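Here, each number is a calculation from the coordinates, and none is a lab measurement. Everything quoted here is computed from the prediction, not taken from an experiment. Quick reminder, even Gly has a Cβ in these numbers, built from the backbone with ideal geometry, and neighbours come from all protein chains shown.
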Amino acid sequence: MKWFVTAGVIVFSMVIAMLIFMPSFLSYQKTVDSDNIIIESWISAREIEQAITGNLVKNDSHFYLTGFDYPDKIPLSESEMGRNHNVRRYDRGIALWTNGSLEIKIPESVNLNLTDSMQLDLKFSGTEVDGFGPHFNVIVNGECLGGGFAGDQPKSYHFLFIAKNQNVKSIFIRYNNDFWTKRGDRNLFVSAISINGNEIELKSDIVRKCIDLSLETTGFHSQAEEMADYIHQLGVPKNRTTIVAFEPVEHNQTLASAKSFRDHVNVNDLHSVNIITSGLHSRRTWFTYQKILPSNVEVGVHFFPNDARDKDNLSAKINRFFYLISESFSYLANWIILHLQPINK
């Protein structure tokens, strides 16, 4: 019994020590003087907005977007929870409270008779937070027709799909910059949709929210490509962005991202780079890139404070505790892997 109590005290002490010391250890900030910025595309849209408008960015900064490939389509049998999530209509229209894609099913009563083109007329509004309204893209048959930022007042947008004698298989409206803070809640509302002049009634059997990430639902081939489009919408010229996509991996996307960056970018021409990531993940990101990139490349890392509105409630605190444990063991595992495995630089 005595040894059991001793073991319990040791474990309890380790947990307390982790809670006290690990957050400051894992949340690592070290920026270097560089024109090159890597953005890990899984970070939030708000963090990307801060990265684009922050002090790290120079007039000639070049952005590298890293992220995993999307499948062309996810079969319904594998994504029933995502595809079958019904949405409700409010006074302002169909609401997208969180990131996702709104699937528009074409009623049988609408005869498209496609020969050369299809016109989509949509009306959006939304809630602006920290200078940016909700961002949307319109996707038909996996092709992104365009997008924009919705304002407080409903506004009509028009998109043309060149049919090329193909049937319309899917129509999605993608919302991808959700943000929730004490200063406001960014949301997107869709109040009207018409196809070739035929108005579509926005009801549950016609409109459904899909949480799947694929070419069909986002209009892009990868997470990196989608986020590159977003920073283009924020005003960054296309010639200042490079997409670094990699095959999806179940574990350690940061390592896959770093290796993909090393293999697809001429790192011999790089002397320094700053990486934008999230707080507790930042030391693992910095350590991984430092090990993977050539020794002559100076690596910096930067993250932005979490100012989400729910960060102080009990549920958020519990989630952060388990996230802290996950990041602590992930950093340790990554440290062991990168020290034991030979690194081909």
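Taking amide H atoms as placed 1.01 Å from N in the peptide plane, the amide H of Ile106 has no partner under 5 Å among residues 5 or more positions away or on other chains. Computed over segment 145-302, relative contact order equals 13 percent, with contacts defined as Cα pairs under 8 Å that lie 6+ residues apart.
Distance cut-off 21 Å, Cα to Cα: go down the list Lys238/Lys259; Lys30/Lys291; Lys182/Lys209; Lys155/Lys238; Lys291/Lys317 and report the pairs above it. Each step should come with its number before you reach the end.
Numbers: Lys238/Lys259 23 Å; Lys30/Lys291 16 Å; Lys182/Lys209 26 Å; Lys155/Lys238 27 Å; Lys291/Lys317 32 Å.
Listed pairs above 21 Å: Lys238/Lys259; Lys182/Lys209; Lys155/Lys238; Lys291/Lys317.
The phi torsions of segment 118-130, fed into the Karplus equation with coefficients 6.51, -1.76 and 1.60 and a -60° offset, translate into couplings of 9, 9, 10, 10, 10, 10, 10, 8, x, 10, 7, 9, 6 Hz, rounded to whole numbers, with Gly and Pro shown as x. For the listed peptides 150-158, 184-192, a ranking on the average number of other beta carbons within 10 Å per residue, highest first, reads 184-192, 150-158.
Based on the mean of other beta carbon atoms within 10 Å per residue, what is the order of 24-36, 42-54, most packed first?
Packing proxy ranking, top to bottom: 42-54, 24-36.
Per-peptide packing, taken as the mean over residues of other Cβ atoms within 10 Å, places 270-283, 61-74 in the sequence 270-283, 61-74 from highest down.
For Lys58, a cut-off of 20 angstrom between C-alpha atoms picks up these aspartates and glutamates, skipping any fewer than 8 places away in its own chain: Asp33, Asp35, Glu40, Glu47, Glu49, Asp229, Asp269, Glu298. The aspartates and glutamates within cross-link reach of Lys105, meaning a Cα-to-Cα straight distance under 17 Å and a gap of 8 or more places when in the same chain, are Glu80, Asp121, Glu143, Glu199, Glu201, Asp205, Asp212, Glu216.
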